[in-house]
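The values are calculated or read from the model by the stated rules, or taken from the named source; none is laboratory data. No experiment lies behind these values; they were computed from the predicted model shown. Cβ coordinates were reconstructed from backbone atoms using ideal geometry, including for glycine residues, and neighbour counts include every protein chain displayed. For accessibility, only protein heavy atoms count, side chains too; no ligands or nucleic acids. Shrake-Rupley method; radii C 1.70, N 1.55, O 1.52, S 1.80 Å.
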Amino acid sequence: MSGNLSVAIVGATGAVGQEFVRLLAERRFPVGRLKLLASRRSAGKTVEFQGRPHTIEELTDDSFQDVELALFSAGASISRKFAPLAAEAGATVVDNSSAFRMTPGIPLVVPEVNPEALEGVELGNGGIIANPNCSTIIMIVPVTPIHRAVRVRRIVVSTYQAASGAGAAAMAELEQQTREVLAGRSPTCEIFRQQYAFNLFSHDSGIGPDGYNTEEMKMVRESHKIWGDSSVAITATCVRVPVMRAHAESINLELEEALDADQARSLLANAHGVSILDDRTGNRFPTPLDASGRDDVFVGRIRADISRSGKNGVHGLDLFVCGDQIRKGAALNAVQIAERLVGDRTRRSARRVEVSLSR
Ligand SMILES: NC(=O)c1ccc[n+]([C@@H]2O[C@H](COP(=O)([O-])OP(=O)(O)OC[C@H]3O[C@@H](n4cnc5c(N)ncnc54)[C@H](OP(=O)(O)O)[C@@H]3O)[C@@H](O)[C@H]2O)c1
């Protein structure tokens with residue numbers, strides 16, 4: 001890619017923000033000017049990008065003058081306040097928070113699944129695009145090719161979510177707790193209300209009157225919006241496990257048509273953003289460590305559901321998946337969205353040149 005976009009990262013010191021900085025360099029994103037924004041606490045610190053130190057600036061109302069692309073990852077309240085200001089100043093915002101995901105008219109995009117939702121968005125022309133929740137992305141990337149082939153009627157998903165999903169401070173707390181427990185001391189619980197090291201617990205987001213927590217309902221509602229189809233029944237149980245990075249999910253699918261393990265494997269082998277790790281003989285299936293730092297969602301334990309297959313015309317499939325939720329679940333997905341917008345812009349200007357030459 002070539003070009004010189006003016007890019008801002010909001011939340012540049014966070015778990016997702018740091019991954020943005022790495023990815024923009026690694027993927028040679030066409031950055032002309034990079035503005036790194038965070039809270040006043042971080043202003044003045046420096047972060048290396050393309051071999052040069054960049055100074056963190058405090059996020060203010062005026063941060064977005066001359067910014068064409070703003071990548072937001074500083075939490076929903078910051079996005080609610082500053083993303084509209086950035087868009088008004090002309091920046092195209094890709095927001096990682098939950099602030100706008102379910103807002104009608106705001107595209108909620110996974111490039112492998114619904115890139116058409118970006119139609120009409122022009123880089124540097126304002127507008128907000130929402131990045132889905134990490135657990136949703138990690139589920140929908142491998143489930144979509146199956147849904148398109150044989151239609152999924154119902155999903156039962158259980159997550160095993162890493163500390164990194166709760167940010168840089170949560171990762172530090174898991175490390176600290178692990179040291180404390182091994183040393184026989186009681187663990188510091190500041191980010192989480194209960195011991196995390198050598199334990200697991202139900203996701204710490206708020207629980208509604210129906211008993212579902214917010215994370216679970218994000219998986220349901222966001223999947224419906226991304227697919228543009230709310231007829232697929234989805235139920236989720238979200239759990240935090242003491243893994244540093246990368247989420248795992250056990251996914252049970254009820255299908256409209258039969259699909260055996262080999263057919264599912266071959267669909268998944270041809271799917272973008274998916275890698276298969278399904279070695280039954282060697283008992284090697286995806287782990288968070290396999291997925292950490294990797295772009296793809298890893299899929300294994302691919303098997304027809306024996307409780308369903310064919311009985312009463314109902315077919316089922318089981319999968320176990322792992323994906324790096326800081327990467328594909330957040331920063332990478334947002335950068336892939338931005339790459340598509342850059343591609344669209346390049347195609348538009350090539351067309352303009354063609355038209356003017358043909359006149
Ligand atoms: N972690 C994930 O896997 C993941 C996945 C999907 C979506 N997300 C979403 O991405 C966002 C960030 O998550 P994270 O895990 O990266 O969190 P994090 O590690 O806690 O980082 C939070 C970032 O927000 C900045 N920030 C906080 N208050 C601010 C303020 N008043 N003004 C400006 N910047 C402020 C922090 O800056 P300071 O360092 O200066 O405090 C830091 O850069 C959240 O909305 C989260 O829901 C995260």
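Of the residues Ser186, Ser205, the single one that is assigned to a loop (DSSP other than H, G, I, E, B) and touching a strand residue (DSSP E or B) at 6+ places or on another chain (Cβ under 8 Å) is Ser205. A residue that is out of contact with any Asp or Glu (no Cβ under 6 Å at 6 or more places or on another chain), among the small types (Gly, Ala, Ser) and surrounded by 22 or more Cβ atoms within 10 Å (Cβ to Cβ) occurs somewhere in the stretch 50-72.
Would you confirm, using the coordinates I've provided, whether Arg80 is at pLDDT 95 or above, within 23 Å of Arg345 (Cβ to Cβ) and either of a type in the set (Asp, Glu) or open to solvent by 20 Å² or more (accessible area, probe 1.4 Å) (or both)? If you could, list the steps in order and put the result at the bottom.
Numbers: at pLDDT 95 or above: yes; within 23 Å of Arg345 (Cβ to Cβ): no; either of a type in the set (Asp, Glu) or open to solvent by 20 Å² or more (accessible area, probe 1.4 Å) (or both): yes.
It is false that Arg80 is at pLDDT 95 or above, within 23 Å of Arg345 (Cβ to Cβ) and either of a type in the set (Asp, Glu) or open to solvent by 20 Å² or more (accessible area, probe 1.4 Å) (or both).
So, Gly316, is that one crowded, with 18+ Cβ neighbours inside 10 Å and more than 15 Å from the ligand (Cβ to nearest atom) or not? It is true that Gly316 is crowded, with 18+ Cβ neighbours inside 10 Å and more than 15 Å from the ligand (Cβ to nearest atom).
Figure legend. Inter-residue proximity from the stretch 200-218: first residues of a type in the set (D, E, K, R), second residues part of a helix (DSSP H, G or I) and at pLDDT 95 or above, beta-carbon distance below 7 Å, spacing 6+ or different chains. Indicated pairs: Glu215/Ser135; Lys218/Thr136. Residues in the stretch 264-321 that are over 22 Å from Pro242 (Cα atoms), of a type outside the set (Lys, Arg) and assigned to a helix (DSSP H, G or I): Ala264, Ser266, Leu267, Leu268, Ala269, Asn312, Gly313. Filtered by the rule that a residue be surrounded by 12 or more Cβ atoms within 10 Å (Cβ to Cβ) and among the aliphatic types (A, V, I, L, M), the stretch 339-359 gives Leu341, Val342.
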